[in-house]
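Take a look at the structure below.
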Amino acid sequence: MYASREDIGYDFGDDSRVGSKPIKPNPNIDGGWAWMIVFSSFLVHILIMGSQMALGILNMEWLEEFNQSRGLTAWVSSLSMGITLIVGPFIGLFISMCGCRMTAIIGGILNALGWILSAYASNVHYLFLTFGVTAGIGSGMVYLPAVVMVGQYFQKRRALAQGLSTTGTGFGAFLMTALLKYLCTEFGWRNAMFIQGAISLNLCVCGALMRPLSPRYLSERCVVRSNTEDNQAGALSHSTETIKSNGVLGDEPEKKEEATNEEVLESVQHIEIGGNSKDRRSMYGLRILKTVSQLTVTVKKGFALWYSSYFGAASLFTNRVFVAFIIWALFAYSSFVIPFIHLPEIVKQYNLSSQDNVFPLTSIIAIVHIFGKVILGIISDLPCISTWNVFLMANFTLVTCILTLPLMQTYIGLAVVCALIGFSSGYFSLMPVVTEDLVGTKHLANAYGIIICANGISALFGPPFAGWIYDITQKYDFSFYIAGLLYMVGIIFLLIQPCIQKKQPREKPTEEAQV
């Protein structure tokens, strides 16, 4: 078990037993096909996040082609990156209805379509629709399932698995930058986008590799959690009981509804058998009715789960720690993106371009970021280490670097700070683990969709805000200071709420004893 669950105030108990009956472990958990899921997620991060990190190459081509302002042209990249994350909650609905595999395959087709249509762009506003919106939504439909599937297939080594899969972002930043630069030089940016669209079709292959776990195993995990929660109900806080009961209280209505739907489908099957000897046309119609009925049942159940997670009585938003996590996410991601956007200009102002050309500071962040994800994942998986504490320490290191970066005016100083930024930002691989610790596996897709949506808002408005501050002050210093202070506010929320959650269970027995 992760010590972080106890530290936060959430304990799901031992998942190896249901009551007194041992559950036979699935051979694909923490091994077997699980590593294919990691490989699939790794490729998704290369093709999506890596490509987005390399959009600076295309941004220069768009500036020359359309002769628009830098601010307007930059919104193409910002829309693509922001929408990829902002659509997370709505992608959770697709996952609830269609599953991760189908969602990812559809997203791969949509992403490739966005790249290909962008090759025929006549103006920047056309790119807003084709690349920013179409390709962005497609990227979001592949990215969220890639993260969720790793969380489902791993229990003991979740942090390491997420760390390995998300290193694809760093590798992709190098590979896609070199690839796009070569394609633009040899074939022009339009043909380069067309070719990149064809390459993006490999996202469909990645989606096909996302084989779902058997329903029997998933139901056993839900039963484990529900039984454990019943035994520990007196010791948990009100928000904890609410968020966990979301998967337990809804079981009975779902079972009744499922039984009713099965009766309907069985009646259709009996009519279908009886009609074989009468009329083939009526049998064909009954088959269509059966398919529509099954599709209606699937959509209704998926929407019910999605709706209850966000707006029902047992909403995710009743979990105070999770709400604090959302507030943190609103400020965190921009602190990582802003250095990528503004470091080249800072280097130019300090007359360090010659040294930066040899080894760019952004490359230092990307390289160390890869190692940071893996190392932090390994540390978090140690039995004696709390994932939550590792997550907080990495955040403190990153916000310190953001606040001290404007003070560095030499290449060596900037390189050291950038290396620390790259390593500490490796905590991104721990975000799915912490989210699952807060809400459980059943609600991971919806909960993580909210978190990456908050990150998307941060990525969408953070860099333009920093540029606006520069236009006013003619310095980047205040951009980093303000971003760092807002980031610190989010970290404070993370520190306060777990303390409140821990205190509440201790007060309940005292009140009951007094009564």
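The values are calculated or read from the model by the stated rules, or taken from the named source; none is laboratory data. Every value quoted in this text rests on a predicted model; they were computed, and no experiment measured them. Cβ atoms come from the backbone with ideal geometry, glycine included; neighbour counts cover every protein chain shown. Please note that ligands, DNA and RNA were not included when accessible areas were found on the heavy atoms of the full protein model with its side chains. Shrake-Rupley method; radii C 1.70, N 1.55, O 1.52, S 1.80 Å.
In region 27-215, with Lys and Arg counted as +1 and Asp and Glu as -1 at Cβ, which of these residues, Ser51, Gly207, Ala121, has the Cα nearest the positive end of the dipole, that is, farthest along it? Toward the positive end, the furthest listed residue is Gly207. Placing dummy labels 7 Å off each Cα toward the beta-carbon, the span from Val205 to Leu295 is 3.0 nm. Annotation for Ser353 and Ile288: the two label points, set 7 Å from Cα along the Cα-Cβ direction, are 6.7 nm apart.
Scattering from region 27-215 was approximated by placing one identical point on each alpha carbon and applying the Debye formula without solvent; log10 I(q)/I(0) at 0.14, 0.15, 0.19 1/Å stands at -0.72, -0.82, -1.21.
Of the listed pairs Lys181/Lys348; Lys290/Lys442; Lys156/Lys373; Lys156/Lys442, which have alpha-carbon separations greater than 25 Å here? The pairs that break the limit, which is 25 Å between Cα atoms, are Lys290/Lys442. Expressed as a whole percent, the accessible area of region 309-504 that falls on carbon and sulfur atoms is 73 (1.4 Å probe).
Of the accessible area of region 27-215, with the probe set at 1.4 angstrom, what percent is carbon plus sulfur?
Numbers: 4900 of 7020 Å².
The nonpolar share, carbon plus sulfur, comes to 70 percent.
Rounded to the nearest 20 debye, the dipole magnitude of region 309-504 is 380 debye, with +1 charges on Lys and Arg beta carbons, -1 on Asp and Glu beta carbons, and the Cα centre as origin.
Rg and Dmax over the alpha-carbon atoms of region 394-472 stand at 16.0, 49 Å.
Would you rank Ile48, Ile105 by solvent-accessible area, highest first, keeping every protein chain in place and using a 1.4 Å probe? Don't jump to the answer; show the numbers that get you there.
Details: Ile48 5, Ile105 45 Å².
Putting Ile48, Ile105 in descending order of accessible area: Ile105, Ile48.
The value given for region 309-504 is a Kirkwood hydrodynamic radius of 17.6 Å, derived from the mean inverse Cα-Cα separation. If you bin the C-alpha pair distances of region 446-496 every 5 Å from 0, what whole percents do you get? Histogram of Cα-Cα distances, whole percents per bin: 5, 18, 20, 23, 17, 10, 6, 2, 0.
Averaged over its residues, region 78-172 has an accessible area of 29 Å² per residue, based on protein heavy atoms and a 1.4 Å probe. Think of each Lys and Arg Cβ as +1 and each Asp and Glu Cβ as -1; about the Cα centre, that makes the dipole of region 27-215 roughly 520 debye. Measuring r between the beta carbons of Thr410 and Thr473 and using R0 = 25 Å, the FRET efficiency lands at 0.65.
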